[in-house]
Amino acid sequence: MNEISRLEDGYAFSVPTLNENGIPVRSGNYWVGAELAEKWLKKNLEGNRKSSTLRVKRYSKAMTEGRWKLTHQSIAFDSQGNLIDGQHRLLAVIHSKTVVPMRVHVGADPSTFAVIDTGYGRVPSQFMRVANANVIKGAARIILFADLCRENGNEASLMHRGSFDNDVVFETVEQWPELQEYAPAASRIYRACGSSSTNILAVLAQASRGSNPGAIESFVEGMILGENMSKGNPILLLRNRAVARMDRSLSYRDKTILYGTTVKAWNAHAKGEKVKFLRFTYDVKSEDGMLPVSAGKGSTGMKEKIPDVF
């Protein structure tokens, strides 16, 4: 049970020998599959932080696509056999039905549980020594928001800034190199007409993987110059909204509306369509049935679905 399966990335991995409590007899680099993960999760220490479904899905996707890499982070058991670190990785193994390499540390001091993942929160921009780091970080959050809406049948929700942990945001930046590629263009658009650079960047990055990436250049040019566009041009309508400072609100509701509106404008442009107006409806009623002041005459509390980027 302890024979080396194969070498990977210069490391030797083996199947662990388990003690009477079902955990490895010693620390090491091991192959971990669903059967082991289920067994170890039963040792999860009471009081461990609540698991994040989003994080599990992202880890699982990396495992399924063969992108999972060994890092310094370990599946950790304390000296009493309790799992004190690694629940998200183990849940992802079960979810993905894969066998992946992991470091496993046994015999940790039980008192260290109190300080695991409780230090100063790492900010992704601190790790990105690139221009426009904060814009890239903000756009990554919007892409995560769009993914979350898509998982819920494209149902719109409020774009809360704190919905995603920093490490998940940083992983998204790594998975979307297009964010760095189009960040300068998004910043130029902001300087030209005031349109949110993070919002524009999130849409441009997704558009580069969409059905008509060739339309990006003309979209960017139109947003920057605002020239040679006739009535019904979706770029002109989006640009006019920005110039009129219609996207300056900091409310979560308005951020959702801004994203939906921008996606609509891009989709129409990419498809070569004219539009009579540019609007995204998100009129959320309060608990007492009242609509927001800015909802407009005739609003009924309707919420549009968040459109996918064409």
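The values are calculated or read from the model by the stated rules, or taken from the named source; none is laboratory data. Since the model is a prediction, treat every value here as computed from it, not as a measurement. Heads up, the Cβs are rebuilt from the backbone with ideal geometry, glycines too, and the neighbour counts pull from every protein chain shown. The area values use the complete protein model at the heavy-atom level, side chains included, leaving out ligands, DNA and RNA. Shrake-Rupley method; radii C 1.70, N 1.55, O 1.52, S 1.80 Å.
Give the number of residues within the range 193-216 that are open to solvent by less than 50 Å² (accessible area, probe 1.4 Å), hydroxyl-bearing (Ser, Thr, Tyr) and not in a helix (DSSP H, G or I).
Qualifying residue count for the region: 3.
Here's a check for you: in the range 44-89, which residue that is within 29 Å of GLU174 (Cα to Cα) and among the small types (Gly, Ala, Ser) is surrounded by the fewest Cβ atoms within 10 Å (Cβ to Cβ)?
GLY66
Could you please let me know if LYS297 is open to solvent by 100 Å² or more (accessible area, probe 1.4 Å), modelled with pLDDT of 90 or more and not aliphatic (A, V, I, L, M)?
When the stated conditions are applied, LYS297 does not pass them.
Mind listing whichever residues of the range 177-192 are farther than 30 Å from THR71 by Cα and open to solvent by less than 10 Å² (accessible area, probe 1.4 Å)?
Within the range 177-192, ALA186, ILE189 qualify.
Would you mind stating whether ASN19 is modelled with pLDDT of 90 or more, farther than 26 Å from GLU174 by Cα and of a type outside the set (D, E, K, R)?
Considered against the rule, which asks whether it is modelled with pLDDT of 90 or more, farther than 26 Å from GLU174 by Cα and of a type outside the set (D, E, K, R), ASN19 comes out as yes.
Residues in the range 31-43: is at least one part of a strand (DSSP E or B), surrounded by 16 or more Cβ atoms within 10 Å (Cβ to Cβ) and aromatic (Phe, Trp, Tyr)?
Yes - at least one qualifying residue is present in the range 31-43.
In the range 261-283, how many are of a type outside the set (Lys, Arg), in a helix (DSSP H, G or I), within 10 Å of ALA215 (Cβ to Cβ) and more than 22 Å from the chain's Cα centre (by Cα)?
Residues flagged as of a type outside the set (Lys, Arg), in a helix (DSSP H, G or I), within 10 Å of ALA215 (Cβ to Cβ) and more than 22 Å from the chain's Cα centre (by Cα) within the range 261-283 amount to 2.
Does the range 274-286 contain any residue that is exposed (fewer than 13 other Cβ atoms within 10 Å of the Cβ), at pLDDT 95 or above and touching a Gly at 6+ places or on another chain (Cβ under 9 Å)?
yes
Restricted to the range 139-176, and to residues that are of a type outside the set (D, E, K, R), open to solvent by 20 Å² or more (accessible area, probe 1.4 Å) and modelled with pLDDT of 90 or more, which residue is nearest to the chain's Cα centre (by Cα)?
So the residue we want is TRP176.
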